[in-house]
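Q: Below you will find the structure I want to go over with you.
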Amino acid sequence: MLSDAIDEIHREFQAAADRRDQEARRRADVKRVDDFLLDIIENQRGAVPAPLMDEITRFVRPLSRKLLRALNRNVTRDPVRVLDVLFDVQQLLLPRLMVA
């Protein structure tokens, strides 16, 4: 009986850990968008740096072709236009986060 209780505690502990991991994975994309936004806002030097732009492009590619085109049209790497795209990406991701 005691061993059954211990096994149940271990199963519940593992289930809670699995739920935390799943929640962290769901929130990872939103956190990444937030990090991009923070990088751009803190970088007030003008154009978005090319390496950051490449990273954002790789992130957006699997999420939305429309937003990817908007990024690719921004040849001057205007931070305002990149921020617009990132806010749109955030709007795509947040409903997914709420449903799950």
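The values are calculated or read from the model by the stated rules, or taken from the named source; none is laboratory data. Everything quoted here is computed from the prediction, not taken from an experiment. Quick reminder, even Gly has a Cβ in these numbers, built from the backbone with ideal geometry, and neighbours come from all protein chains shown. Keep in mind that these areas ignore ligands, DNA and RNA; they rest on the heavy atoms of the full protein, side chains included. Shrake-Rupley method; radii C 1.70, N 1.55, O 1.52, S 1.80 Å.
Q: What list of ³J(HN,Hα) values in whole Hz, one per residue of segment 3-8 in order, does the Karplus curve 6.51 cos²θ - 1.76 cosθ + 1.60 (θ = phi - 60°) give from phi, with Gly and Pro shown as x?
A: Values, residue by residue: 5, 5, 5, 5, 4, 5 Hz.
Q: Separate question: Given a 1.4 Å probe, how much area per residue of segment 55-100 is accessible, in Å²?
A: Numbers: 3050 Å² over 46 residues.
Dividing the accessible area of segment 55-100 by its residue count gives 66 Å².
Q: How much FRET efficiency would the formula 1/(1 + (r/R0)^6) give for residue 87 and residue 23, where r is the Cβ-Cβ distance and R0 is 22 Å, rounded to 0.05?
A: 0.45
Q: Another question about this same structure. Just to check I understand the Karplus step: with θ = phi - 60° and J = 6.51 cos²θ - 1.76 cosθ + 1.60, what whole-Hz values come out for segment 51-67, glycine and proline as x?
A: x, 5, 4, 4, 5, 5, 4, 4, 6, 6, 3, x, 8, 7, 5, 4, 5
Q: With θ taken as phi - 60° and the coefficients 6.51, -1.76 and 1.60, list the Karplus ³J(HN,Hα) couplings across segment 88-96 in order, rounded to whole Hz; mark glycine and proline as x.
A: 5, 4, 4, 5, 5, 7, 4, x, 4
Q: At q = 0.18 Å⁻¹, what is the base-10 log of I(q)/I(0) for the chain according to the Debye formula with one equal point scatterer per Cα and no solvent? Please give it to two decimals.
A: -0.83
Q: Another question, if that's okay. Given the Cα-Cα distance of residue 96 and residue 14 and 0.36 nm per residue of separation, how much length would full extension add, in nm?
A: My answer for the length gained is 27.1 nm.
Q: Considering only protein heavy atoms and a 1.4 Å probe, what is the carbon-and-sulfur percentage of the accessible area of segment 30-100?
A: Details: 2520 of 4570 Å².
C and S fraction of accessible area: 55 percent.
Q: By how many nm would the segment from residue 64 to residue 78 lengthen if fully extended, with 0.36 nm per residue of separation less the alpha-carbon distance? Kindly include the intermediate steps, with their values, before the conclusion.
A: Numbers: separation 14, 0.36 × 14 = 5.04 nm, distance 1.96 nm.
Using 0.36 nm per residue and subtracting the Cα-Cα distance, I get 3.1 nm.
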